[in-house]
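The structure under discussion appears below in the form of structure tokens.
What follows is calculated from the coordinates using simple rules that are stated; it is not laboratory data. What you see is a predicted model, and the numbers here were worked out from it, not measured in a lab. Cβ coordinates were reconstructed from backbone atoms using ideal geometry, including for glycine residues, and neighbour counts include every protein chain displayed.
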Amino acid sequence: MADPQLLSNVRALVGRQYGRVYAWDEVNAPMIRQWCETMGVDNPMYIDPAFAQATRHEGLIAPPAMLQVWTMEGLHANNYPPGSTDENPYEVLKEMEAYGYASTVAVNSELSFTRPLRLGEKLYYTTRLDSVGEEKTTALGTGFFVTLVMSHFVEQASGDEPVGELLFRVFKFRPANAQPQPEAPAPVESATAGPKRALPGISDDTRFFWEGCDKGQLLIQRCCACQTLRHPPAPVCIECHSFDWDTVQASGRARLYSFVVMHYPEVPPFDYPNPIGLVELQEGVRMIAGLAGVEREQLQIGQPLQVEFQTFDERLTLPLFRPVEA
Ligand code: ZN
């Protein structure tokens with residue numbers, strides 16, 4: 001049974017309207033083109049100005065499914081344009097967390113549209129806490145279905161026009177295997193008890209690699225029949241199909257073949273920005289690994305690297321690569 005105080009607090013929030021969140025940019029052709037490219041959409045209504053001009057819309061329109069795109073914050077969380085509300089439309093979820101309903105899973109999202117958006121239109125949305133269902137028990141746990149509705153408008157001198165809605169529903173729950181919380185709201189979990197790094201799935205084909213890491217050795221699989229090196233580990237030689245293999249210890253010298261720098265979302269337990277390299281070992285095989293001791297600005301394709309081993313959470317040793325002098 002849910003705490004009566006929680007139910008009372010939640011019911012007081014249902015129906016609440018939250019203020020405007022403005023779009024950074026007006027509806028524009030470059031963003032439409034890039035979105036279509038990314039999504040594999042080639043409808044000329046969206047990307048061919050001459051074609052679009054000849055339609056009843058008399059110009060390019062935005063794909064309806066882009067509705068939410070226009071009002072997104074961008075790379076940095078909660079970075080909305082000036083004038084946007086600083087209210088938190090998800091405050092009801094925080095209320096539930098304080099009573100032990102710690103987990104969230106998105107259930108469904110529905111977009112509905114009134115009309116297509118044209119170039120130059122400027123959007124904002126407001127949010128309404130539409131409903132919170134009765135407490136329910138599912139396979140995941142016990143909790144509440146919470147539904148928010150974001151109503152999107154185009155700003156117009158003659159009066160703002162509704163153009164579409166986004167319904168967003170989550171299940172906010174106490175996991176089935178969790179202990180019930182005491183009466184008082186639970187304290188925020190301590191900073192020292194953060195998540196640990198996920199352990200690798202280890203098989204008979206890959207065990208040698210992780211055992212090598214534990215000993216500070218970077219081991220590469222080698223075909224006994226034709227001597228071809230391979231990584232990641234696999235049961236069969238890609239060149240001669242031999243199942244016989246042994247390993248050689250790599251020198252640890254490598255070059256940066258490519259890289260990404262993860263910025264967002266920031267997922268514990270990793271540090272951000274988080275540079276990850278595709279490195280080419282001196283022996284010729286490539287592997288993906290974290291990069292140590294580098295700034296984004298210093299990363300250069302082809303730069304020399306040296307392996308080092310770091311142990312995380314006192315249970316997982318990983319090879320990382322650090323820039324060295326040529
Ligand atoms: Zn072979």
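With +1 on each Lys and Arg Cβ and -1 on each Asp and Glu Cβ, how big is the dipole of the chain about its Cα centre, in debye rounded to the nearest 20?
In debye, rounded to 20, the chain gives about 260.
Say we join alpha carbon atoms closer than 10 Å with springs in a Gaussian network model of the chain; which of 63, 175, 49 then has the biggest fluctuation?
Sorting by GNM fluctuation, first place goes to 49.
Apply 1/(1 + (r/R0)^6) to the Cβ-Cβ distance of residue 39 and residue 288, taking R0 = 25 Å, and write down the FRET efficiency to the nearest 0.05.
In this case the efficiency is close to 0.40.
From the P(r) of the chain, can you give the percent of Cα pairs sitting at distances over 38 Å?
Details: 22958 of 52975 pairs.
It works out to 43 percent of all Cα pairs.
Restricting to bridges with both residues inside the chain, how much of the DSSP beta-bridge set is antiparallel, in percent to the nearest 5?
Beta bridges within the chain, antiparallel portion: roughly 95 percent.
Please work out how much length the chain gains when fully extended from residue 79 to residue 318, using 0.36 nm per residue of separation minus the C-alpha to C-alpha distance, in nm with one decimal.
82.6 nm
Rank-order 256-262, 158-164 by packing density, defined as the average count of other C-beta atoms within 10 Å over each peptide's residues, highest first.
Ranked from most to least packed, the peptides come out as 256-262, 158-164.
Could you compute Rg(Cα) / (2.2 N^0.38 Å) for segment 207-323, with N its residue count?
My calculation over the Cα atoms of segment 207-323 gives 1.13.
With each pseudo-label sitting 7 Å past Cα toward Cβ, what's the residue 26-residue 51 distance in nm, one decimal?
2.5
Taking only pairs that are 8 or more places apart or on different chains, how many Lys pairs in the chain have Cα atoms under 28 angstrom apart?
Details: 94/136; 94/172; 94/196; 136/172; 172/196; 196/215.
Taking the chain as the scope, the lysine pair count is 6.
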